[in-house]
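K.L.:
Pasting in a structure now, in structure tokens, and then I'll have a few things to ask.
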Amino acid sequence: MGFSKEFRPVRYAYGVAAALLLGGTAFSVATGQVGGGQIAQNAPAQIAPRAGAPLSFADLAARLQPAVVNISTKQRVAVRRQSDPFEEFFRRFGGGAPQGQQQQGGQAPTRETGSLGSGFIISPDGYVVTNNHLIQGANGTGTVDSVTVILTDRKEYPARIVGRDSASDLALLKIEGTNLPYVNWGDSTRARVGDWVVAIGNPYGLGGTVTAGIISALHRGITGVGAYDRYIQTDASINMGNSGGPMFDMSGNVIGVNSALISPTGASVGIGLAIPAEAAKPVIDALRRGQAPQRGYLGVGLQPLDENIAASLSLPKDTGEIVRSVVPGEAAARSGIQQGDVIVRVGGQDVTPDQTVSYLIANSTVGSKVPVDIIRDGRRRTLAVTVGQRPSEEVLARQAGSGGEGGQMNEERPVAPGTALGLSLQALNPDIARAINVPATVRGVVVTAVDASSDAAEKGIRRGDVILSVNRQPVTTPAAVLAQVEAARRANRTSVLLLLKRGASPEAFVGVDISNR
């Protein structure tokens, strides 16, 4: 909505693109199964762990490379035909379409598209791990028409998609073969900042590329939500085409999936991101069993406690997350969690920017009872929550609303003097509600103008937004807003907490500074 500065699922962080490697998310999965006396390429007996940096990575790379594969996909997509100025003329006067533009059976023209990425074999009978975004359809739905797995000896195998999971960006493929080279999982929970790692993949289609670096950081978040927003950061070169390839430790174990990079240009600048094996392996195991991965679900919309929101609640910054919306009938609603509650602890673990509510709940067992500590109106209490099952991405998208901007009220107008927060306000009525595309059931005060120099403008508030409450007190008149702001000043607060509604988008909390007004 533009109200808060929290990260969104788009991979941009403070103006720096964290681009999915559409040819290079590194991911290493293995089952450890041995067939016909064959052993994994990274079996302990084959690769002795070395202390510190080796004189050469050659022995390690030679052992591991055969299990890392190239993923090639193909798909036919519709091509939007350019408008022809003579087309309407021919249609009106019975001439049909211009010569060369008629399509058989009225079908739209298509073209072939595809992608190149990486993957790795996790069993001698041909199970292959890669990224979901490599095999997902060009329009974001469905899958590509065909997938080909190419080994280091240039043998090509048609691949069948066993299963895929968009939330984790993982997919499992199957090729028909025996005694294939494969690798096993490692223990990413034992990884430490400063450890050496090796990445193998196909950047820009250059197969069999080996890069090395160290673990730069652990539990790196880039979106702020979800069960998988805890990446291993590395300075090993990760580029487009590495998607789906594995990150190895010095014992040759797969400890991560190089799935993204942070870069202003889209090329490697030394900030690569890998999904830890501890998060990836359960997803792949579930897909191999033919099951959907199980993830806990609370049924709330959340925002981090930034400085102004925290100040308006007299709470320290980054001490939890505020509930901006509650999905009816889901786990949170059933347990008594309300809009405006601040969740500070889940299952005995503190909620922090590195350990979000989404992460803690998503990794809780579905059906289990988890204590959730909240702060409501300054008082702390503990609620017992029965963790639900996360719905499909389609259902979640519908719950999130259309995200429409709403209304045609974006032109600037002067702000009337003496208004609070640098906002001109008017009581919401049915005519205004229709004009700004908010539901008729919404009650609040509409913003009619915004002072461009105000903190409210800085926070993204704009004309057409509806203020539903101030400091968690519902407001339906401009006078009620002013009264709550004055009450906050008398209480020596430096900011007020607004709950805003914009068009069909979900509500959001915004903390607005009042110290200079």
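K.L.:
Go through (1) in a loop (DSSP other than H, G, I, E, B); (2) at pLDDT 60 or above; (3) not charged (D, E, K, R) one by one and return the number of the condition G94 breaks.
P.N.:
Unmet for G94, out of (1) in a loop (DSSP other than H, G, I, E, B); (2) at pLDDT 60 or above; (3) not charged (D, E, K, R): (2).
K.L.:
If you don't mind, another one. Name the single residue that is most open to solvent (accessible area, probe 1.4 Å) among those in region 288-341 being part of a loop (DSSP other than H, G, I, E, B) and hydroxyl-bearing (S, T, Y).
P.N.:
S314
K.L.:
Confirm whether R434 is within 33 Å of the chain's Cα centre (by Cα) and modelled with pLDDT of 85 or more.
P.N.:
Spelling it out, it is not the case that R434 is within 33 Å of the chain's Cα centre (by Cα) and modelled with pLDDT of 85 or more.
Residue-by-condition table, conditions (1) in contact (Cβ under 8 Å) with a residue 60 or more places away in the chain; (2) among the hydrophobic types (A, V, I, L, M, F, W, C); (3) at negative phi:
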site: V269; (1), (2), (3): no, yes, yes
site: L273; (1), (2), (3): yes, yes, yes
site: P276; (1), (2), (3): yes, no, yes
site: R288; (1), (2), (3): yes, no, yes
site: K317; (1), (2), (3): no, no, yes
site: V327; (1), (2), (3): yes, yes, yes
site: T356; (1), (2), (3): yes, no, yes
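K.L.:
Another question about this same structure. Which of the residues spanning region 186-212 are at positive phi and either aliphatic (A, V, I, L, M) or free of Cβ contacts under 8 Å to residues at least 40 places away in the same chain (or both)?
P.N.:
Residue satisfying the conditions is G194 alone.
K.L.:
Hey, another quick one. Can you name the residue in region 422-456 that is assigned to a helix (DSSP H, G or I) and farther than 20 Å from S515 by Cβ and is also most open to solvent (accessible area, probe 1.4 Å) among such residues? Outline the logic, then answer.
P.N.:
First pass over region 422-456, keeping only residues assigned to a helix (DSSP H, G or I): 422, 430-435, 455-456.
Of the ones still in play, those that are also farther than 20 Å from S515 by Cβ are 430-435.
Details: P430: 92, D431: 102, I432: 28, A433: 8, R434: 164, A435: 58 Å².
Checked region 422-456; the qualifying residue most open to solvent (accessible area, probe 1.4 Å) is R434.
K.L.:
When you scan region 116-204 for strands (runs of 3 or more DSSP E) that lie fully inside it, which ones turn up with 3 or more residues that are open to solvent by less than 10 Å² (accessible area, probe 1.4 Å) and in contact with a helix residue (DSSP H, G or I) (Cβ under 8 Å, 6 or more places away or on another chain)? I'd like the intermediate steps shown before the answer.
P.N.:
Values: elements: 127-131, 146-150, 156-165, 170-174, 196-201.
Output list reads 170-174.
K.L.:
Sticking with this one: Tally up the residues in region 381-390 that are among the charged types (D, E, K, R) and in contact with a Lys or Arg (Cβ under 9 Å, 6 or more places away or on another chain), please.
P.N.:
Qualifying residue count for the region: 1.
To keep it simple, each residue is scored yes or no on (1) at pLDDT below 90; (2) surrounded by fewer than 20 Cβ atoms within 10 Å (Cβ to Cβ); (3) part of a loop (DSSP other than H, G, I, E, B).
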residue	(1), (2), (3)
M247	no, no, no
G252	no, no, yes
V257	yes, no, no
L261	yes, no, no
G266	yes, yes, yes
G270	yes, yes, yes
I275	no, no, no
E278	no, yes, no
V283	no, no, no
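K.L.:
Here is a follow-up. With respect to T477, determine if the residue is hydroxyl-bearing (S, T, Y), under 32 Å from the mean Cα position of the chain (by Cα) and open to solvent by 10 Å² or more (accessible area, probe 1.4 Å).
P.N.:
no
K.L.:
Being assigned to a loop (DSSP other than H, G, I, E, B) and open to solvent by less than 10 Å² (accessible area, probe 1.4 Å) is the filter here; which residues of region 485-504 pass it?
P.N.:
R502, G503, listed by residue number.
K.L.:
Could I ask something else about it? Quickly run through region 343-373 and pick out the residues that are in a strand (DSSP E or B) and either surrounded by fewer than 22 Cβ atoms within 10 Å (Cβ to Cβ) or of a type in the set (D, E, K, R) (or both).
P.N.:
First pass over region 343-373, keeping only residues in a strand (DSSP E or B): 343-346, 349-350, 352, 355, 369-373.
Those that are in a strand (DSSP E or B) and either surrounded by fewer than 22 Cβ atoms within 10 Å (Cβ to Cβ) or of a type in the set (D, E, K, R) (or both): V344, R345, Q349, D350, T352, Q355, K369, V370, P371, D373.
The values are calculated or read from the model by the stated rules, or taken from the named source; none is laboratory data. Model, not experiment: these values are computed from the prediction. Backbone-built Cβ (ideal geometry, glycine too); neighbour counts: all protein chains shown. Keep in mind that these areas ignore ligands, DNA and RNA; they rest on the heavy atoms of the full protein, side chains included. Shrake-Rupley method; radii C 1.70, N 1.55, O 1.52, S 1.80 Å.
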